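Student: If you scroll down you'll find the structure; I have some questions about it.
The values are calculated or read from the model by the stated rules, or taken from the named source; none is laboratory data. Only a predicted model underlies this, so the values are computations on that prediction, with no experimental measurement involved. Glycine also receives a Cβ, built like all others from the backbone with ideal geometry; neighbour counts cover every protein chain displayed.
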Amino acid sequence: MKAPLSWLKDFVEIDLSLVELAHRLTMAGLEVESIQLIGLPLPPAGSTTAKVSGLTWEPEKIVAAAVTEVMPHPNADRLVLCRLEDGQQEHIVLTGAPNLFEYKGKGPLPQPLKVAYAKEGAMLYDGHQEGYVLTTLKRTKIRGVESYSMICSEKELGISDEHEGIMFLDDAASVGTPLVELLGDAILEVNLLPSFARCASIFGLAREISAITGKALKTPRFTSPPDIGKATYAELEITDPVLNPRFVLGLVRGVNIHPSPLWVQQRLKLAGMRPINNIVDATNYAMLELGEPLHAFDYDVLCKRAAGKQVKIITRAAGKDEKITTLDGVERTLDEGTVLVCDEAGILSLAGVMGGLETEVTASTRNILLEGAAWNMISTRRTAKAQNLPSEASYRFIRGVHPAMAETGVRRGLELMEHWADGAVDPLMVDAYPLPPKTSVVDITPGDVKRWLGLDLSAPRIAELLSRLEFKVQIDSDLLHITCPEHRLDIGSGITGKADLIEEIARVHGYDNIPETRISDRLPLQLGNSPLKKTDLTRDLLVALGLQEVISYRWTTPEKEGRRLPKGAEADNKPYLRISNPLAYEKAFLRHSVLASLLDTAERNSRQRATLALFEIGPIFLHSEDPSGLPDELSRLGILLAGQRNPSGWQPADNSTMDFYDLKGLLEDLMAGLHITEANFSQGEHPGYHPGKCAIIRVGSQQVGVCGEIHPAVRERYHWGDTFQYPVLAAELDMDLLIELIPEQRHTTDIPNFPAVVEDLAFVLDEATPAADVTALIWQTGGKILSELQLFDVFRGGQLGSGKKSLAYRLTYQAVDRTLTDKETAQVRNRIIKRLEMELGARLRS
Amino acid sequence: MSAATILQELEAVSKAAVDELKRVTNEEALLAWRTTYLGKNAVVVKAFSSLGALPTDERPLVGQGANRVKAALESAYNERAQALKESALIQSLGAQALDVTLPGRPRNRGRLHPDTLILRELLQIFGDMGFQVFQSREVETDEYNFQLLNFPLGHPARDMQDTYFLDVPNRGDNPLVLRTHTSPGQIRAMREIASLNPSNPPPVRVIVPGMVFRYEQVDVRHETQFDQLEGLAIGEGITFSDLKGTLTDMARRLFGPSARARFRASYFPFTEPSAEFDIQCFQCHGKGCGVCGGGWLEIGGSGMVHPVVLANGGYDPARYTGFAFGFGVQRIAMLRYGINDIRYFWENDLRFLEQF
C-alpha cells in the first residue's frame, strides 16, 4: 500500500520527521518497507530500516516556470524552442516533448503553460536511459542551438516513469517558486498485514497515525448526500448474502469524460495507479482514499442490455463453464462458485476482482451507474488466485472491507464525479443490505490487560487508548464496555474479542512501554528429552571418531536415490511421497534413504578431497497405514567413509586406503561408546553392497543396520572426482532402534587388584570358518576368568596349506577376588583348545 | 724418599693434573687422565704404598697430604665429568633440533554441522530457563499446520506462508503439507501435556526445533528448507512482559550482556498480541550499518498464544495464558559466524563445513 505524505496530511497533522514517522508506524505493525522521496531531501543513510530512494530537487535549480511561446527549431522538425520565464529572466529552452507541438508557431500564448524548469547544473534522472540514472544538466549544443537547461518530464523528476512529454503544473503555480515547495512529497510503502485491512486506504492509515501520535483525525464530510431509497433507475437482487452481504448503487447523469484535474492525476500516480479519465479516476481516488473499491458501469449499455425493461443487477455464484471477457480483454472461463455481478442479459463483472469489458466506461459514456459492494473475502481470494488476477480491488476485499464502507465509498465516488465530470447525481441510492455484520461489543477490565500484558493501566487510560482508534467506550467503574467502530471486521467477541482489544491497547500504548520481566509462573516438570540426548551422544561419538556431520535437503528424486543400487536393481518398491507443487522436479520427492543423501554429498566433494568421512542423522519418509494419513518419519543414521586413511602431509606417511575394517572398527567403537554391548556383525547380502564385503549389524536378534563396501556397480553410477579412485564404505542404521537400545543406566567394572595371566594361542582353521564363531566359542569356554580376548594376527599360506588360515589370540585371565593358579588357567586353556578342535576342527599351532 | 720430597712431588703432580684436566674435552681423554692421576700407578696412589717406608712420625703428614691431593683430584674429576656430560647433552640435543615452523602432522578431525552447533547453544539457553525440547513431525496435516493455529480455510494469512502440498488424493480440506513452521508443535505439545491431566492441565514450557519448508525461490538470504526454533510457555501467569524478558535474556546470552531486543507489532493468526522481535545490531549497537540497515536485526515472530489456539490445545483461555515465539536457526548462525550465504547450510560443501 502506497501512501503519499501530502494525501495523509489531508486527514491528520503530521509534524514528525519522515524517519520518525516510518519508525512509529513500523513499531505499530504498519511496516514501512520503503520511502520514495519526491524532491525532498534524503534522510541520513542507515537512519531507517525502510529502503529509501528518490531524487532531491535543489530549490534554486528546479523551479516552476511559464512557457509563453513555443517556436519551431530552425534545424529540426522534432524539436521546438520555448520562450520561458523563470521568475528571474527569460530563457529559450529546447525540447522534443510532443505535448508542446500543438502550441508550435502559434505566437505568444494567451495562457502561459506552467512547467517544471531545471537550470544548468541541476541533478536529474536521465529520461532517455532505462531505469533511473542520475545526470547533471550541462551546457551543450543541439542541432546548432545552445541548450543549458530543461523543461522536465515526470521521469526526469523521479515522479513516475512517464517520459512521453513534459509535465505541466497547475495554472496557479507561481513562477520562480522552488518545485519542491509545490510538489515535494514522500511516498510511504506500507506492508499491510492481513489484520490491518482497515488501513488499505489513505484515511485508514491516517487514522492509525492519529492514534499513535495523538493528533486529531479529520474525518471527511460529504457535501450533498443522496438518500437511500427505492430508485427507479435500477433494482438489485442478491442471491447469496454470505457471498455478497451488501450492494449499493448510485447514478450520475450527463458526465463529460475527460482527463481528471492535474492534482488528481498526480496523486493517483504517486499512489501507484495510472490515471485513465475523470470517471475511472474518481472510482480509484475514492477507493485509495477510503478503502472501498468501486466499479463504474456505462449505464446506457446496461439499459440497452435490459432492452426496455428496468436495469436489474443480480449477484450470484457462477455455474459450470461460464465465461466473461474482463476489462483487460482476456476471455476467462470461470470456476464454479466464482461470485459474479450480472444483469438479466448475462455476466457484467467478476465480483470484487475485475469488471467486464462490455460495460466499461468509454469516451462516449454519458451516464454512470456506480457500484459499491461488500464481498466475501474467502471467495474473492479464491477467484483472484484462480484467475491470477491480483487487483487493487481484490487486494482490499481479500483482507475484508466492512459493508458499511460500501455506502460511504459510493457517496464519495458520486461526489467526485459531480465535481470532476460535471455530472448530476441522482438524489437516491439503491441499497441491498441483507447481511449486516454483527457489531462486536466486548467487555474488558484493567485486570485482563494485566493478565495478558503484565502492564498496569487504569480504566480511563485504556478507554483513551481505544477511543483514539474510534472504539466507543463506556466505563462502569472497572469494567470497560467497548463497541467496535463501523470500519473493522477484525474484532471478535468473547475472549477472542478481548485478545483483539488487548492487542490494540498494547499497540497504541506502545510495545516499547511494556516492561521486560522474567517468567514467575510455576516451572513445569523437567523431564529432559532422552531421545535427543542419545542422538547427541551418537553425534559426539562420531565426531570424536573423525567424522564430519552433514545435513541434507529432505527432497530428492527416485532416479537420484535409485543410484544407490545397481542398475536394474533399483526397484525401491515403496512409493514416494511427492510434493504436488515443487520448485523443480529435482525437489519433488521426500527421501527414502539418508545414505543416498550422503552418496550425493560424497560425489560432490570428491573433487576437492582425498578423504571423506561423513555422517548424517535425519528422517526418511515412508507411506504408512496410520489413520491420520501421515507418513512415517523414521530417523536414520548414515555413515560414509572413503579415501586415504590418513591425511597426507609433508612427511612420508601411511597413505593406505580405507577398507571394510576401518568402517567396522568405527562402528564397533560407536557401539561401545553407546554402551550397546550385544552388537554383532554377520555376513550380509544387500544389492547396494559388494557381495563379499557386506555385513548385517544386529543387536541381539534385532537388525540395526547394514554396512559394507558399496557395490562397484553402484560406485560407477556416481561421478567421482578424477583422482578419487577409492572404494566407498557405507552404513545405514536405524536411529530410532539405536535410541531404544542405548541403555539409560550402565555399570562400570572395578579395576582388578590381582595379577593377570596373559598367553597367546594360535589356531589353524578352515578358511570358511568365520572368526566370530571362534571368538564366541573362546569367550563361552573361557568363563568368568577370561577377562580379555584379542585377535592379533591372521595368517595364510606358508606351511598351512591352501584353504586354511591361522588365527592368533591373546588371552588374558584374571579373577576379581584372587590370584589365579597355573592349574586354573591351564584347565581353562585346555578346555578352549579341546572345544575348538571338536567343534570347529581347529588345530593348535605350536 | 723423604716426606718432604713426597709432599713436594704430590703438590707438583696435583698441579699438573689440574692443569691437564682443563684441557680434557672428551670422555676418552677423561678416562686416560683418571688412569694417569688416580689409577693404580698414579703418584698419589703410590704415595700411600710408600707410607710404610717412612718413619712413623712422618707417616700422618704424608698420609694426610696424599688424602688431600686425592680428594682434590677426585672432586676435580667429578666436576669435569659432569661438565663434559652436560656439554655432550647440549650438543646431542642441538643435533636433534627440528624446524618447528614446518606444519604438524595432519589428523582427521570430525566436526558438527554449524546448524547443530548453534542449535545446541540455543537449546542450552532455553534449557536453563526451564524449556524442555519437544520434537514434532515435518510432514503435517493442513489441520495442524493451519486450521488449529487459527488459519481458517481460505484465510488471507495463508498467503504469508507459501506452502508445499503433498500429492495425496482424497484429503479434501485437510491435505498433507510440509510444515511451513514449527508451530504445529505447539498444538502437539499442548495436547500431549494437557492429556496428563485434562481437567487441570499442567503448565507448558517447551522448545520445538526442526526443519520447516516454504515454497520460495532460493537465494543468498532465502532458503526453501530451513531450521526453525519454536518456543511455547503456558501457565496461569504468563504475560507479554514475560515474553519480552525471555527473548531479551536470549539476546544477552547470544550476543553479550549489553544486547537488547525490540518488539514490533505484527500479525500472526495464532498469537495475539503479535510481535516481531529484533535484536539490536551487535556491529553498530543500534546506530545503523551495512549488516542491519537501521540498527536492528530482524530475528523472528512472537506473541501471546491466541485464545482459539489455547483452546485447541486443551487449555482454557479464561484460565491460562501463554506466549510463543519462533525464529530461523540459520539466521542466528549467520549472524554468529558471519555466514553470507544461507545456501551453504544444506549444500554440504566440505570447504564450508570444515570451517567449524
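Student: Condition first: in contact (Cβ under 8 Å) with a residue 40 or more places away in the chain, under 60 Å from the mean Cα position of the chain (by Cα) and assigned to a helix (DSSP H, G or I). Now tell me which residues in region A:762-806 satisfy that.
Tutor: A:ALA772, A:ASP773
Student: For region A:563-586, indicate whether the set of residues that are within 25 Å of the chain's Cα centre (by Cα) and part of a helix (DSSP H, G or I) is non-empty.
Tutor: Looking through region A:563-586, at least one residue is within 25 Å of the chain's Cα centre (by Cα) and part of a helix (DSSP H, G or I).
Student: Restricting to region B:134-185, name every residue that is among the aliphatic types (A, V, I, L, M), surrounded by fewer than 20 Cβ atoms within 10 Å (Cβ to Cβ) and not in a loop (DSSP other than H, G, I, E, B). Full working, then the answer.
Tutor: Taking region B:134-185 and keeping what is among the aliphatic types (A, V, I, L, M), we get B:139, B:148-149, B:153, B:157, B:160, B:166, B:168, B:176-178.
From the residues that got through so far, the ones that are surrounded by fewer than 20 Cβ atoms within 10 Å (Cβ to Cβ) too are B:153, B:157, B:160, B:168.
Selection gives B:ALA157, B:MET160.
Student: Could you list all residues from region B:40-54 that are out of contact with any helix residue (DSSP H, G or I) (no Cβ under 7 Å at 6 or more places or on another chain) and either of a type in the set (Gly, Ala, Ser) or not assigned by TED's automatic domain parsing to the domain that holds B:VAL18 (or both)?
Tutor: Hits for region B:40-54 are B:SER49, B:GLY52, B:ALA53.
Student: I've got another one for you. Inspect region A:541-557 for any residue being in contact (Cβ under 8 Å) with a residue 60 or more places away in the chain, more than 33 Å from the chain's Cα centre (by Cα) and more than 7 Å from chain B (Cβ to nearest Cβ) and give the result as yes or no.
Tutor: yes
Student: Of these, B:ASN67, B:ASN150, B:ASN108, B:ASN78, which one is outside the structural domain of B:THR25 (by TED's automatic domain parsing) and free of Cβ contacts under 8 Å to residues at least 24 places away in the same chain? Write out each step before concluding.
Tutor: Values: B:ASN67 fails: outside the structural domain of B:THR25 (by TED's automatic domain parsing); B:ASN150 fails: free of Cβ contacts under 8 Å to residues at least 24 places away in the same chain; B:ASN78 fails: outside the structural domain of B:THR25 (by TED's automatic domain parsing).
After ruling out the rest, the residue left standing is B:ASN108.
Student: Can you name every one of the strands (runs of 3 or more DSSP E) wholly within region A:247-354 that holds 3 or more residues which are over 34 Å from the mean Cα position of the chain (by Cα)?
Tutor: Numbers: elements: A:294-298, A:311-317, A:323-325, A:331-333, A:339-343, A:346-350.
Once the strands (runs of 3 or more DSSP E) in region A:247-354 are filtered for at least 3 residues that are over 34 Å from the mean Cα position of the chain (by Cα), what remains is A:294-298, A:311-317, A:346-350.
Student: Considering only region A:505-523, I want to know if a residue exists there that is of a type in the set (S, T, N, Q), touching a strand residue (DSSP E or B) at 6+ places or on another chain (Cβ under 8 Å) and within 7 Å of chain B (Cβ to nearest Cβ).
Tutor: No, that holds for no residue.
Student: Go through region A:579-598 and give me each residue that's crowded, with 16+ Cβ neighbours inside 10 Å and within 12 Å of another protein chain (Cβ to nearest Cβ). Reasoning before the result, please.
Tutor: Looking only at region A:579-598, we keep the residues that are crowded, with 16+ Cβ neighbours inside 10 Å, and these are A:579, A:582, A:587-598.
Within region A:579-598, A:ILE579, A:PRO582, A:LYS587, A:ALA588, A:PHE589, A:LEU590, A:ARG591, A:SER597, A:LEU598 meet the criteria.
Student: Quick one: which strands (runs of 3 or more DSSP E) sit completely within region A:615-726 and have at least 1 residues that are without any contact (Cβ under 8 Å) to a residue 12 or more places away in the chain and within 12 Å of another protein chain (Cβ to nearest Cβ)?
Tutor: Of the strands (runs of 3 or more DSSP E) lying wholly inside region A:615-726, those with at least 1 residues that are without any contact (Cβ under 8 Å) to a residue 12 or more places away in the chain and within 12 Å of another protein chain (Cβ to nearest Cβ) span A:632-643.
Student: Going by what's in this entry, would A:LEU466 be described as in contact (Cβ under 8 Å) with a residue 40 or more places away in the chain, out of contact with any His (no Cβ under 9 Å at 6 or more places or on another chain) and within 15 Å of A:HIS295 (Cα to Cα)?
Tutor: So A:LEU466 fails the test.
Student: Surrounded by fewer than 18 Cβ atoms within 10 Å (Cβ to Cβ) and within 11 Å of chain A (Cβ to nearest Cβ), is that true of B:ARG191?
Tutor: Spelling it out, it is not the case that B:ARG191 is surrounded by fewer than 18 Cβ atoms within 10 Å (Cβ to Cβ) and within 11 Å of chain A (Cβ to nearest Cβ).
Student: Based on this model, can you work out whether B:VAL13 counts as assigned by TED's automatic domain parsing to the domain that holds B:GLN91 and either of a type in the set (S, T, N, Q) or farther than 28 Å from B:GLN91 by Cα (or both)?
Tutor: Taking the combined requirement at face value, the residue satisfies it.
Student: Suppose we filter B:GLU272, B:GLU216, B:GLU223 for residues that are within 11 Å of another protein chain (Cβ to nearest Cβ) and over 30 Å from A:TYR553 (Cβ atoms); which single one remains?
Tutor: Just a single option satisfies the conditions, and that option is B:GLU272.
Student: Within region A:114-148, which residues are closer than 18 Å to A:THR56 by Cβ, of a type in the set (Ser, Thr, Tyr) and part of a loop (DSSP other than H, G, I, E, B)?
Tutor: A:TYR132
Student: Of the conditions (1) at the interface with chain A (Cβ under 9 Å from one of its Cβ atoms); (2) surrounded by fewer than 24 Cβ atoms within 10 Å (Cβ to Cβ), B:LYS244 fails just one. Which one is it?
Tutor: Every listed condition holds for B:LYS244 apart from (2).
Student: Further question: Looking at region A:818-834, is at least one residue among the hydroxyl-bearing types (Ser, Thr, Tyr), surrounded by 12 or more Cβ atoms within 10 Å (Cβ to Cβ) and not in a helix (DSSP H, G or I)?
Tutor: Within region A:818-834, one or more residues are among the hydroxyl-bearing types (Ser, Thr, Tyr), surrounded by 12 or more Cβ atoms within 10 Å (Cβ to Cβ) and not in a helix (DSSP H, G or I).
Student: Which of the residues belonging to region A:366-394 are within 21 Å of the chain's Cα centre (by Cα), within 14 Å of chain B (Cβ to nearest Cβ) and either without any contact (Cβ under 8 Å) to a residue 40 or more places away in the chain or surrounded by fewer than 20 Cβ atoms within 10 Å (Cβ to Cβ) (or both)?
Tutor: A:ILE378, A:ARG381, A:ARG382, A:ALA384, A:LYS385, A:ALA386, A:ASN388, A:PRO390
Student: Right, A:PHE203: surrounded by fewer than 21 Cβ atoms within 10 Å (Cβ to Cβ) and either more than 14 Å from chain B (Cβ to nearest Cβ) or assigned to a strand (DSSP E or B) (or both) or not?
Tutor: So A:PHE203 fails the test.
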